[in-house]
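Novice: Could you have a look at this structure, given as structure tokens, before my questions?
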Amino acid sequence: MEKTNTPLTTRRNFIDYFLGTSLGATLVATFYPIFKFLVPPQIAESTESSVVAAKVSELKPNSGKIFKFGSKPGIIVKTPTGEIRAFSATCTHLDCTVQYQEGTQQIWCACHNGRYDMAGKNVAGPPPRPLEQFTVNVRGDEIIVSKG
Amino acid sequence: MNMSTIADWVNDRAGLAPLKELAQKKEVPLHRHSLWYYFGGMTLFLFFIQVGTGILLLLYYRPSAENAFESVQFIMTEVQFGWLIRSIHSWSANLMIATMFIHMFSAFLMKAYRPPREFTWISGSLLLVIVLAFGFSGYLLPWNKLAFFATKVGTDIAGVVPGIGDFLLRFLRGGDEVTGATLTRFFGFHVAVLPALITAILFIHLLLVQRQGMSVPPSLEGKALKKMKFVPNFLLRDLMGWLIALGALAALSAIFPWELGEKADPFASAPAGIKPEWFFMFMFQTLKFIPAKIGPIDGEVLGVLAFGAGGLFWFLVPFLDRKTAQGKPSRGFTVIGIILLVYIVGMTIIGYTQ
Ligand code: FES
């Protein structure tokens, strides 16, 4: 469009500009809070860094058990040789909760047939990464699992 | 007061002449593919059943992790005919998705998306997305084990979308995990957001169909076809179809009441034999076949991107199929449609027989 600087067009430009920006500002002011409202607030991750996950006496060799680690499931595995290990039970593929399979002596995810060995390493199926491993301490009969 | 005085009274105030004219003018062409015309209306009929039974279920359902499962159990065991209403809601949802797919593929193969019906196709594609969102959000509401893990997987898939994945995942889950907050959110989508959206888009879709009349397959276009008045002749046939659908629905619901399963437990392993709903099965099966890593990229990321691209392609078909738009035969797109159909059906069968 050609630019003419008659008072009329400037005034009109000004009004267009004024109305346009106020409309834009109104929309932003309306939708920004809505948009922000939709995003759930960050809930502080549970500060628990260690939990009593199970009793030694209740775990048979070659078995597994799901335990609560804060708000997330973890899995304890007792190998046939009696060694105890603990991992996050959340499958690294698409988040299902894994389980220990005595027959294959593997950690198995039922959702897409993902498999991990007893060291938590992904060995078959779609999982792209090993399971996160936790530190295990045995104090008396209690199995204490901690992060890191 | 007789009928016509009432009609006159209403007409004086509402001015119904255009509607009457539309009803008298509307005709349905008759040809060997006319059968496919019934599926749109049947989808609509099943949708109305969803609205009705959904409202009924709303009277007893309680959307929280503590109460949801128990309230559905209550509906199934205590409320009179509660099992029937819930079964019909579930069965009708599945039948509706089936008729919607048939309607969509028949529209695709008969090239009903060609000008001037591009918008009709796009509004239909939006309806497809909304209906699948209905299915996904509704599946979680009984808060059983299968639903819990299906939602974990489904939202995690949204989470692998590059760039906005993290936002999407938290937006859908209402936090970092699938919890009661997710349930409340899905309930909100299922009974408020999605109904509002679908009402608006369905209105546009139906309005366009009325404006443009029925599309005739390109191969028959221009030929002298027999026509049938929509009111009352074709409408009566439609009603026949609806009656059959209603009968099927009642029979399925009574003979195979929809199961409730076990209550979701966030601290239990995913049960063996876990499967998604059948209409997501082909995607689920595809994800199973994609290896963990393809080069440096996670397999699932690739899968999600491929499905995204496929969806976009489907959406834009009216603009991509230049030949059909120019009135020329377009074998390529027919082949694409058939391959897709075979792929979806094939993967679904594999998913169920494996
Ligand atoms: S979620 Fe575990 S294999 Fe897919």
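Novice: For each of B:347, B:283, count neighbouring Cβ atoms within 10 Å of the residue's Cβ, then give the residues from fewest to most.
Specialist: The order, fewest Cβ neighbours first, is B:347, B:283.
Novice: Hey, another quick one. Across chain A, where is the longest run that never hits trypsin sites (Lys or Arg not before Pro) in a DSSP loop with at most 16 other C-beta atoms within 10 Å?
Specialist: Maximal segment without exposed cleavage sites: A:4-120.
Novice: Projecting each Cα onto the charge dipole of the range B:226-320 (Lys/Arg +1, Asp/Glu -1 at the beta carbon, about the Cα centre), which of B:284, B:242, B:272 comes out farthest on the positive side?
Specialist: B:242
Novice: Can I ask one more? Around residue B:319, what is the net charge, scoring Lys/Arg as +1 and Asp/Glu as -1 over all other residues with Cβ under 15 Å from its Cβ?
Specialist: +3
Novice: How large is ³J(HN,Hα) for each residue in the range B:2-8, as worked out from phi by the Karplus curve 6.51 cos²θ - 1.76 cosθ + 1.60 (θ = phi - 60°), to whole Hz, x for Gly and Pro?
Specialist: Values per residue, Gly and Pro as x: 9, 4, 6, 5, 4, 4, 4 Hz.
Novice: Work out the length of the dipole vector of chain B about its Cα centre, built from +1 on the beta-carbon of each Lys and Arg and -1 on the beta-carbon of each Asp and Glu, and round it to the nearest 20 debye.
Specialist: That gives a dipole near 1540 debye.
Novice: Same structure again: Using only Cα atoms, figure out Rg for the protein assembly as shown and give it as a multiple of 2.2 N^0.38 Å.
Specialist: 1.20
Novice: Can I ask one more? Helix B:68-77 against the longest principal axis of chain B: what's the angle in degrees, Cα atoms only, rounded to the nearest 10?
Specialist: Approximately 60 degrees, to the nearest 10.
Novice: Pairs A:55/B:145; B:20/B:229; A:72/B:145; A:121/B:263: which are spaced more than 19 Å apart, C-alpha to C-alpha?
Specialist: A:55/B:145; A:121/B:263
Novice: Let me ask something else. List the relative contact order of the range B:1-91 as a percent without decimals, with contacts defined as Cα pairs under 8 Å and 6+ residues apart.
Specialist: 20
Novice: Which aspartates and glutamates, if any, have their Cα less than 20 Å from the Cα of residue B:223, not counting same-chain residues under 8 positions apart?
Specialist: B:27
Novice: Under a 5 Å amide H to amide H cut-off, with H placed in plane at 1.01 Å, what residues pair with residue B:293 once short-range neighbours are removed?
Specialist: B:299
Novice: Taking the alpha-carbon set of the range B:29-77, what are its Rg and Dmax in Å?
Specialist: Cα only, the range B:29-77: 18.0, 55 Å (Rg, Dmax).
Novice: Further, regarding this structure: Taking a cut-off of 20 Å between Cα atoms, list the aspartates and glutamates near residue B:26, but don't count ones fewer than 8 places away on the same chain.
Specialist: B:221, B:238
Novice: Follow-up. With +1 on each Lys and Arg Cβ and -1 on each Asp and Glu Cβ, how big is the dipole of chain A about its Cα centre, in debye rounded to the nearest 20?
Specialist: 200
Novice: For chain B, modelled as a Gaussian network with Cα springs under 10 Å, which listed residue fluctuates most, B:154, B:273, B:222?
Specialist: Taking springs between Cα atoms under 10 Å, the residue moving most is B:273.
Novice: Ok, one more. For chain B, rounded, prolate or oblate, judged on the Cα gyration tensor with a ≥ b ≥ c (square roots of eigenvalues), a/c < 1.5 rounded, else prolate if a/b > b/c?
Specialist: Oblate, since a/c reaches 1.5 and b/c is not below a/b.
Novice: Mind jotting down the three principal axis lengths of chain A based on Cα atoms? Whole angstrom, largest first.
Specialist: 93, 33, 21 Å, listed from the longest principal axis down.
Novice: Hey, if you put +1 on the Cβ of every Lys and Arg and -1 on every Asp and Glu Cβ in chain B, which of B:155, B:341, B:301 ends up farthest toward the positive end of that dipole?
Specialist: Checking the options against the dipole of chain B, the answer is B:341.
Novice: Starting from the Cα of residue B:250, step 7 Å along the direction of its Cβ; do the same at residue B:206; then give the gap between the two resulting points in nm.
Specialist: Between residue B:250 and residue B:206, the simple spin-label model gives 2.4 nm.
Novice: Excluding residues on the same chain fewer than 8 positions from residue A:60, give the aspartates and glutamates whose Cα lies under 16 Å from its Cα.
Specialist: Excluding near neighbours in sequence, the set is A:83, A:102, A:141, A:142.
Novice: Something else now. Sorted from largest to smallest, which semi-axis lengths in Å does the alpha carbon gyration tensor of the range B:210-260 give for its equivalent ellipsoid, taking the root of 5 times each eigenvalue?
Specialist: Semi-axes from the Cα gyration tensor: 35, 14, 10 Å.
Novice: Out of B:19, B:30, B:140, any idea which swings most in a Gaussian network model of chain B, alpha carbons joined below 10 Å?
Specialist: The residue that fluctuates most here is B:19.
Novice: Enter the angle in degrees (range 0 to 90, nearest 10) between the Cα long axis of helix B:82-109 and the first principal axis of the Cα atoms of chain B, meaning the one along which they spread out most.
Specialist: So the helix axis and the longest Cα principal axis differ by about 60 degrees.
Novice: Over chain A, with a Gaussian network built from C-alpha contacts below 10 Å, which listed residue (A:79, A:135, A:26) shows the highest mean-square fluctuation?
Specialist: With Cα springs under 10 Å in chain A, the top fluctuation among A:79, A:135, A:26 is at A:26.
Novice: On to the next question. Residue by residue, what Karplus-based ³J(HN,Hα) values in Hz, rounded to whole numbers, does the range A:137-143 have, using 6.51, -1.76 and 1.60 with θ = phi - 60° and x for Gly and Pro?
Specialist: Each residue's phi maps through the Karplus curve to give 10, 10, 10, x, 8, 8, 9 Hz.
Novice: I would also like to ask the following. Out of residues 5 or more away from residue B:30 or on other chains, whose amide H comes under 5 Å of its own, with H placed 1.01 Å from N in the peptide plane?
Specialist: B:226, B:227, B:228
Novice: HN-Hα J couplings of the range B:46-58 from phi, Karplus 6.51/-1.76/1.60, θ = phi - 60°, integer Hz, Gly and Pro as x?
Specialist: 5, 4, 4, 4, 4, 4, x, 5, x, 4, 4, 4, 4
Novice: Here's something else I'd like to know. Of B:179, B:197, B:14, which is farthest towards the positive pole of the protein assembly as shown's charge dipole, taken about the Cα centre with +1 and -1 on the beta-carbons of Lys, Arg and Asp, Glu respectively?
Specialist: Ranked along the dipole, the leading option is B:14.
Novice: Given H placed on each backbone N at 1.01 Å, which residues far from residue A:89 in sequence or on other chains put an amide H within less than 5 Å of it?
Specialist: A:74, A:75
Novice: Pairing the Cα long axis of helix B:331-353 with the longest principal axis of chain B, what angle in degrees results, from 0 to 90 and rounded to the nearest 10?
Specialist: So the helix axis and the longest Cα principal axis differ by about 40 degrees.
Novice: Using a simple spin-label model with points 7 Å from Cα along the Cα→Cβ vector, what separation in nm is obtained for residue B:214 and residue B:309?
Specialist: 3.9
Quick note: the coordinates plus some simple rules give every number you see, no bench work behind them. Please read all numbers here as calculations on a predicted model, not as lab measurements. Here Cβ is always computed from backbone atoms with ideal geometry, including for glycine, and neighbour counts include all displayed protein chains.
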